[in-house]
Amino acid sequence: MPLSARESPVYEGRTPIVHMMSVDGGDYAAGAEGDDGFKHADDYIAMFTHTGTHIDALAHVWYDDEIYNGYPANTVRSSGAPRCGIDKLRHLVGRGVLLDLPGYRNVKHLSGDDVIQPEELEACAKAQGVELRRGDILLIAPAG
């Protein structure tokens, strides 16, 4: 998946991906010297972990003061979560369902600010002849 500030989806209010070159060919053209003729390019990428495709942990959001399964929300710290953190997910196994939402909408691709409602997912699945079941792993094609 391409990583770019213009193309990667980012949750509203968060900074898009930052990509910076720390060393590149321009540095050498401007007079930087390599070791015995060895030269290189290097870059740096900074982004929120909720940029692009990811799997949310069960400790990511909560209601009132409890995360999933009634665990206290105040146990979720910047150092991690003792329960329901994504690092606790050893395997993700289930029935995968791929929905061609761009095809259903009759567009070439989805854009980063498209809103997808549950009713549309259900209608898309029905149009594809697919039944969505509890526990399914739903994948949405970004391009048709």
Seminar exercise, completed: With only helices counted (DSSP H, runs n ≥ 4, each -39500 (n - 2.57)), the per-residue ellipticity at 222 nm for the chain, to the nearest 500, works out to -3500 deg cm²/dmol
Seminar exercise, completed: Taking a probe of 1.4 Å and leaving out DNA, RNA and ligands, the chain shows per residue an accessible area in Å² of 79 Å²
Seminar exercise, completed: Between Ser111 and Asp24, Cβ-based FRET efficiency (R0 35 Å, step 0.05) works out to 0.70
Exercise. From the square roots a ≥ b ≥ c of the eigenvalues of the alpha-carbon gyration tensor of segment 3-83, which class results: rounded (a/c under 1.5), prolate (a/b over b/c), or oblate?
Worked result: prolate
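Could you work out the relative contact order of segment 1-137, using alpha carbon pairs under 8 angstrom and six or more residues apart, expressed as a whole percent?
18 percent
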Exercise. With each pseudo-label sitting 7 Å past Cα toward Cβ, what's the Thr15-Asp56 distance in nm, one decimal?
Worked result: 2.4 nm
Seminar exercise, completed: Heavy-atom accessible area of segment 85-144 with neighbours in place, 1.4 angstrom probe: carbon+sulfur share in percent works out to 53 percent
Exercise. Out of residues 5 or more away from Val23 or on other chains, whose amide H comes under 5 Å of its own, with H placed 1.01 Å from N in the peptide plane?
Worked result: Asp42
Exercise. Computed FRET efficiency, Cβ-Cβ of Ala46 and Lys88, R0 35 Å: what is it to the nearest 0.05?
Worked result: 0.85
Exercise. Under 16 Å from a point 7 Å along the Cα-to-Cβ line of Ile137: which residues of segment 68-98 have their amide N that close?
Worked result: 86-98
Problem set entry | All lysines inside 26 Å of Lys108 as judged from Cα atoms, apart from same-chain residues fewer than 8 positions distant | Lys126
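The values are calculated or read from the model by the stated rules, or taken from the named source; none is laboratory data. Model, not experiment: these values are computed from the prediction. Please note: Cβ atoms are built from the backbone with ideal geometry, for glycine as well, and neighbour counts cover all protein chains shown. Only protein heavy atoms, including side chains, enter the accessible area calculation; ligands, DNA and RNA are left aside. Shrake-Rupley method; radii C 1.70, N 1.55, O 1.52, S 1.80 Å.
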